[in-house]
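Before any comments, here is the structure.
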Amino acid sequence: MTKLAAAALALLGALGLTSCTRSTPAQFYLVDINSDHQGQLHTTGAAAQPGGKLPLVFFDDVAGTCCFVPGAPVKGDDAGARALTREGEESHAWNGRYQPAKKRKNDEWGGIAFGFATMQAARRIDARTHEVTFGDGAPPVYVRSCTTGEGMRIELLHGAKDAKPYADYYYSLGIDMEPDCPDMQAE
């Protein structure tokens with residue numbers, strides 16, 4: 001085998017490994033913001049204390065915004081009222097405050113948002129799906145959501161058209177609503 005052929009084979013092998021591996025995206029979080037700018041940050045998995053200003057995307061917005069500042073952990077009765085859940089993972093919540101980067105009208109306050117600590121940008125690609133990009137060169141993540149009779153389903157996907165998510169969450173809203181998840185709509 002010539003040196004050129006060996007180098008070409010090594011390059012193809014390296015490209016194959018790179019395209020088959022995928023780094024794990026930063027931890028997903030959900031933020032529930034009240035009309036008074038106060039809110040709660042919800043995560044699952046490890047109970048690491050979030051710090052600093054966290055970027056977020058409102059589910060009904062076309063792009064991301066800044067910022068949610070987490071504070072003290074939620075304790076007592078407030079902890080069980082609303083929770084982000086994922087099978088096999090413990091739920092955690094922190095109180096905090098929404099501090100938008102630009103002035104918003106009073107009717108624009110409040111809502112449900114999501115984020116990843118290292119996300120660089122987000123854009124809405126259809127009524128239920130956002131594409132999230134990261135500054136560290138990690139591949140994008142697609143966040144798909146819909147409402148059930150009492151909460152939200154949130155799915156994280158590697159591709160916008162993926163049928164099966166690599167992670168799925170449920171967030172209880174504590175109110176009855178008309179479901180818009182495809183498998184729950186009246187036929």
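The values are calculated or read from the model by the stated rules, or taken from the named source; none is laboratory data. Small disclaimer: the values here were computed from a predicted structure and weren't measured. Heads up, the Cβs are rebuilt from the backbone with ideal geometry, glycines too, and the neighbour counts pull from every protein chain shown. Heavy atoms of the whole protein, side chains included, go into the accessibility calculation; ligands, DNA and RNA do not. Shrake-Rupley method; radii C 1.70, N 1.55, O 1.52, S 1.80 Å.
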Exercise. Which residue pairs have Cβ atoms closer than 7 Å, lie 6 or more positions apart in sequence or on different chains, and pair a first residue in segment 153-169 that is within 15 Å of His130 (Cβ to Cβ) and without any contact (Cβ under 8 Å) to a residue 40 or more places away in the chain with a second residue that is open to solvent by 60 Å² or more (accessible area, probe 1.4 Å) and among the hydroxyl-bearing types (Ser, Thr, Tyr)?
Worked result: Arg153/Tyr170; Leu157/Tyr166
For this session: Give the number of residues within segment 145-187 that are open to solvent by less than 70 Å² (accessible area, probe 1.4 Å), assigned to a loop (DSSP other than H, G, I, E, B) and in contact with a strand residue (DSSP E or B) (Cβ under 9 Å, 6 or more places away or on another chain).
Result: 12
Exercise. Going through segment 15-36 one residue at a time, which ones are over 12 Å from the mean Cα position of the chain (by Cα), in a loop (DSSP other than H, G, I, E, B) and at pLDDT below 85?
Worked result: Thr21, Arg22, Ser23, Thr24, Ser35, Asp36
Problem set entry | Filter result (in contact (Cβ under 8 Å) with a residue 24 or more places away in the chain and assigned to a strand (DSSP E or B)) within segment 127-144 | Thr129, His130, Glu131, Val132, Phe134, Val141, Val143
